[in-house]
1. Considering each of D18, D28 in turn, give the residue that is in contact with a strand residue (DSSP E or B) (Cβ under 9 Å, 6 or more places away or on another chain), acidic (D, E) and surrounded by 12 or more Cβ atoms within 10 Å (Cβ to Cβ).
2. If you check F89 against the conditions, is it at pLDDT below 95, at negative phi and of a type in the set (F, W, Y)?
3. In the range 1-16, which residues are within 14 Å of D103 (Cα to Cα) and under 18 Å from the mean Cα position of the chain (by Cα)?
4. Among the residues of the range 86-106, which ones are in a loop (DSSP other than H, G, I, E, B) and among the small types (G, A, S)?
5. Name the residues in the range 18-40 that are more than 12 Å from F102 (Cα to Cα) and in contact with a Ser or Thr (Cβ under 7 Å, 6 or more places away or on another chain), would you?
6. Please determine, by comparing only the residues of the range 120-137 that are assigned to a strand (DSSP E or B) and touching a residue at least 60 places away in the same chain (Cβ under 8 Å), which one is farthest from I4 (Cα to Cα).
7. For D124, state whether it is acidic (D, E) and surrounded by 19 or more Cβ atoms within 10 Å (Cβ to Cβ).
Amino acid sequence: MTIITVPLPDYQVQSEPDHRRIGRRVDDAVRAHFAGRKIVARGVSAEDHPGLTVDELIGIILRTGTDRYDPDRAGDRYANIDGRHIDLFGFRRTVTPRMRLFDQLSWGFYHGSIEIHGRPTRLDIVSIYDASALRAVLHRYAGREDAKRDGFRFADPAHMARAVLGVIKLGRE
């Protein structure tokens, strides 16, 4: 497993960041380390994990395969009207020279957090998973007709950490 640090001192959420400009730097790191791979990328904010540092959270992800270490803690959007089990949400991509990923992750965290929590959230970590180790979970939310394709479950729940290809730490300095 690889830990990659991408310094992003200009990535902040006091005002809307330039998702595309910042995204290029993160996407370049993904391309450099995972070229040609089929991946699922999951964004994580340390703000959502009080009491843990970014490095402690990365350690949990590498050791367990997920940032969902507390089974009693409800995550955003895991409930769905079909009652399907979802281990994580992420973006499936094939890592190509033209792949774009981080601008969509950061846009979603910025706007989705405002919608859900009333304030934007900065990403601190992008977990990179081997797409072949996850299974897509088609799901729907109450009040919406469209089916979502961003939910995933581990193909081998007994060995979730094996699905992690690497973790990108989004440096604040």
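The values are calculated or read from the model by the stated rules, or taken from the named source; none is laboratory data. Only a predicted model underlies this, so the values are computations on that prediction, with no experimental measurement involved. Heads up, the Cβs are rebuilt from the backbone with ideal geometry, glycines too, and the neighbour counts pull from every protein chain shown.
1. On the way: D18 fails: in contact with a strand residue (DSSP E or B) (Cβ under 9 Å, 6 or more places away or on another chain).
The match here is D28.
2. On the way: at pLDDT below 95: yes; at negative phi: yes; of a type in the set (F, W, Y): yes.
Yes, satisfied.
3. L8, Y11, Q12, V13
4. Restricting attention to the range 86-106, the residues satisfying the condition of being in a loop (DSSP other than H, G, I, E, B) are 86-87, 90, 95-101.
Within the range 86-106, G90 is the sole residue that qualifies.
5. Of everything in the range 18-40, those that are more than 12 Å from F102 (Cα to Cα) and in contact with a Ser or Thr (Cβ under 7 Å, 6 or more places away or on another chain) turn out to be H33, K38.
6. In the first step, residues of the range 120-137 are kept if they are assigned to a strand (DSSP E or B); the result is 125-130, 134-137.
Retained after the next criterion (residues that are touching a residue at least 60 places away in the same chain (Cβ under 8 Å)): 125-130, 134.
Working: I125: 10, V126: 10, S127: 10, I128: 11, Y129: 14, D130: 16, L134: 22 Å.
The residue in question is L134.
7. Working: acidic (D, E): yes; surrounded by 19 or more Cβ atoms within 10 Å (Cβ to Cβ): yes.
In short, yes.
Here's the yes/no breakdown for (1) loosely packed, with under 12 Cβ neighbours inside 10 Å; (2) touching a strand residue (DSSP E or B) at 6+ places or on another chain (Cβ under 6 Å); (3) aromatic (F, W, Y); (4) touching a residue at least 12 places away in the same chain (Cβ under 8 Å):
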{"residue": "D87", "(1), (2), (3), (4)": "no, yes, no, yes"}
{"residue": "R92", "(1), (2), (3), (4)": "no, yes, no, yes"}
{"residue": "S106", "(1), (2), (3), (4)": "no, no, no, yes"}
{"residue": "E115", "(1), (2), (3), (4)": "yes, no, no, no"}
{"residue": "G118", "(1), (2), (3), (4)": "yes, no, no, no"}
{"residue": "H139", "(1), (2), (3), (4)": "no, yes, no, yes"}
{"residue": "A163", "(1), (2), (3), (4)": "no, yes, no, yes"}
